[in-house]
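What follows is a single structure, written as structure tokens, with notes after it.
The values are calculated or read from the model by the stated rules, or taken from the named source; none is laboratory data. What you are looking at is a predicted structure, and each value in this text was computed from that prediction instead of being measured. Here the Cβ positions follow ideal geometry from the backbone for every residue, glycine too, while neighbour counts run over all protein chains shown. These accessible areas exclude ligands, DNA and RNA; they are computed on the full protein's heavy atoms, side chains included. Shrake-Rupley method; radii C 1.70, N 1.55, O 1.52, S 1.80 Å.
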Amino acid sequence: MVSFVGAGPGAVDLITVRGMKMLQEADVVIYAGSLVNPKLLTYAKDTCEVYNSALMTLDEVIDIMKAAYKVNKNVVRLHTGEPSIYGAVREQMDILDELSIPYESCPGVSACFGAAATLNLEYTLPGISQSLVITRMEGKTKVPAKESIESFAAHNATMAIYLSTGMLGKLSERLILGGYKEDTPVALVYKATWPDEKVFICNVSSMEKIAKENNVTKTALVLVGDVIGKKHYEKSRLYAPDFSTEFRNAKE
């Protein structure tokens, strides 16, 4: 069996209990070495074979899985964060389907949720935003035209922008072109939940300058939206005294 496991955003104790147990039972671990905290490997047993996929091609990763499956070994493919977001897992699963090798998935905590915890942030504040857009700037990997930064910015919803730290100047221009005001709050979260995590609060027009001043060039998440200011929102109707629910009648 191959288990695709989300390692979480970085902190060793933010992997799920299920993911930790899968690591403990693994005979082989293939981990995304460029982004996964290597201390997570301490959960693996001493006899476990460990491979760093940052140094491997897709074919080499699959070869390890094939060899392990032939001798009935459990494989954990340890991806950063939540594997369903920018995890490149589908291409691996399709090949495993062709080879009739069974696999399963274990979710993880994505960086945007680790960052929200660091900031004590609620992405969906009533009256400000009820949507969270998770997206990225176009780089080596193309982005569909209908999913441009401008098209998402037009909604003025909360945005979590991955894999874009090296293009903050262009990102700023496109956010403003799409509809965000220049003073819309931004949080730059470097290595969310890692021991060397850093957070910089700025705005759409200043984020490139702030990043340069603090030498933030990669491994940072860009959070955009008025929710970061934590002001001028409406209280949830769920707990309002004049609001009835399935469990509580409105009070006079």
Q: First compute the accessible area of the chain with a 1.4 Å probe, then give the percent of it belonging to carbon and sulfur atoms.
A: 52 percent
(Q) Show me the three semi-axes of the equivalent ellipsoid for the range 1-52, from the C-alpha gyration tensor (sqrt of 5 times each eigenvalue), largest first, rounded to whole Å. (A) 15, 12, 10
Q: Give the percent of DSSP beta bridges with both residues in the chain that are antiparallel, rounded to the nearest 5.
A: 40 percent
Q.
Accessible area per residue for the chain in Å², computed with a 1.4 Å probe and the full protein assembly in place, what is it?
A. 55 Å²
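Can you list the DSSP H helices in the chain whose Cα atoms extend at least 30 Å along the helix axis and whose mean Kyte-Doolittle hydropathy is 1.6 or higher?
Details: long enough: none.
Membrane-span-like by this rule: not one helix.
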Q. What residues have an amide H closer than 5 Å to that of Cys106, excluding those fewer than 5 places away on the same chain, when H is modeled at 1.01 Å from N in the peptide plane?
A. Phe4, Val5, Gly6
Q. Can you give the relative contact order of the chain as a percent, counting alpha carbon pairs under 8 Å and 6+ residues apart?
A. 19 percent
**Q.** Sparse-neighbour loop sites [trypsin sites (Lys or Arg not before Pro); the range 1-83; at most 14 other C-beta within 10 Å; DSSP]
**A.** Lys45
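At 1.567 mPa s and 4 °C, plugging the Kirkwood radius over alpha-carbon pairs of the range 54-116 into Stokes-Einstein gives what diffusion coefficient in µm²/s? It would help to have the intermediate numbers written out before the result.
Details: Rh = 12.9 Å.
The diffusion coefficient I find is 100 µm²/s.
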Q) Among rounded, prolate and oblate, which fits the chain when a ≥ b ≥ c are the square roots of the eigenvalues of its C-alpha gyration tensor, a/c under 1.5 means rounded, and a/b larger than b/c means prolate? A) prolate
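Counting alpha carbon pairs within less than 8 Å and at least 6 residues apart, what relative contact order, in whole percent, applies to the range 102-252? List each step's numbers first, then the result.
Details: 251 pairs, mean separation 38.8, N = 151.
Worked out over the range 102-252, it gives 26 percent.
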Q) What are the radius of gyration and Dmax of the range 201-252, computed over its Cα atoms and given in Å? A) 19.7, 57
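All other residues with a Cβ under 14 Å from the Cβ of Asp196 taken together, and with Lys, Arg as +1 and Asp, Glu as -1, what is their net charge?
Working: positive: Lys39, Lys191, Lys198, Lys218; negative: Glu197.
It works out to a net charge of +3.
In the range 176-252, which trypsin sites (Lys or Arg not before Pro) fall in coil by DSSP and have 16 or fewer other Cβ atoms within 10 Å?
Details: sites: Lys181, Lys191, Lys198, Lys209, Lys212, Lys218, Lys230, Lys231, Lys235, Arg237, Arg248, Lys251; in loops: Lys181, Lys191, Lys218, Lys230, Lys231, Lys235, Arg248, Lys251.
Within the range 176-252, the qualifying trypsin sites (Lys or Arg not before Pro) (loop, at most 16 other Cβ atoms within 10 Å) are Lys181, Lys218, Lys230, Lys231, Lys235, Arg248, Lys251.
Based solely on its DSSP helices, what 222 nm [θ] is calculated for the chain when runs of n ≥ 4 H residues each add -39,500 (n - 2.57) and the sum is averaged over all residues, nearest 500 deg cm²/dmol?
-7000 deg cm²/dmol
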